[in-house]
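Shown next, in structure tokens, is the structure this report addresses.
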Amino acid sequence: MMGKGSELSRDGDWSVLRVWGEVDLSWSQDVRKQVLDAYTKAKSLAVQLDGVSYIDSSGIAALVEGFQHARAKGGRFALLAPSESVRAVLELARLDRVFPIFSDLAAARAA
């Protein structure tokens, strides 16, 4: 996969937003919009991050907003398979203790 992109799909009662490339200031508003829009389609959202090569604070903020939105609406939010670079940023910000992080959707569902 080249460049950056995202793809939203449904898997039962979950929306799955697959994101790849660099999630930085130039693109994080789009990701934020897609995260929030996903909740109009399903109560639970999983954001798959294995294809993200870089994420900055604006990208993290988009994820935090999605997480807070889910909690406010009584939905679920999960991060799936964050890449090493994403995991490093999450750990640095201590958000690895805040976000529910799973290897795949089956694991998130079972939790």
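Does G74 count as surrounded by fewer than 20 Cβ atoms within 10 Å (Cβ to Cβ) and at positive phi?
yes
Do we have W20 as of a type in the set (A, V, I, L, M, F, W, C), assigned to a helix (DSSP H, G or I) and in contact with a strand residue (DSSP E or B) (Cβ under 9 Å, 6 or more places away or on another chain) here?
No; evaluated as a whole, the condition is false for this residue.
In region 71-111, what count of residues is obtained for those that are under 16 Å from D13 (Cβ atoms), among the basic types (K, R) and part of a helix (DSSP H, G or I)?
2
Name every residue in region 33-46 that is surrounded by fewer than 19 Cβ atoms within 10 Å (Cβ to Cβ) and in a helix (DSSP H, G or I), in order of residue number.
K33, L36, D37
Can you pull out every residue in region 1-17 that is buried (at least 18 other Cβ atoms within 10 Å of the Cβ) and either aromatic (F, W, Y) or outside any loop (DSSP other than H, G, I, E, B) (or both)?
Of everything in region 1-17, those that are buried (at least 18 other Cβ atoms within 10 Å of the Cβ) and either aromatic (F, W, Y) or outside any loop (DSSP other than H, G, I, E, B) (or both) turn out to be S6, W14, S15, V16, L17.
Going by what's in this entry, would S83 be described as in contact with a Ser or Thr (Cβ under 9 Å, 6 or more places away or on another chain), surrounded by 15 or more Cβ atoms within 10 Å (Cβ to Cβ), in contact (Cβ under 8 Å) with a residue 12 or more places away in the chain and among the hydroxyl-bearing types (S, T, Y)?
It is true that S83 is in contact with a Ser or Thr (Cβ under 9 Å, 6 or more places away or on another chain), surrounded by 15 or more Cβ atoms within 10 Å (Cβ to Cβ), in contact (Cβ under 8 Å) with a residue 12 or more places away in the chain and among the hydroxyl-bearing types (S, T, Y).
Check whether at least one residue in region 47-70 is surrounded by fewer than 21 Cβ atoms within 10 Å (Cβ to Cβ), β-branched (V, I, T) and not in a loop (DSSP other than H, G, I, E, B), and report yes or no.
Looking for residues that are surrounded by fewer than 21 Cβ atoms within 10 Å (Cβ to Cβ), β-branched (V, I, T) and not in a loop (DSSP other than H, G, I, E, B), one finds at least one in region 47-70, hence yes.
A short reminder: the numbers here are calculations on the coordinates, not readings from a lab. None of the values given here were measured: they were computed from a predicted structure. Using ideal geometry, Cβ is built from the backbone for each residue, glycine included, and neighbour counts are taken over all protein chains shown.
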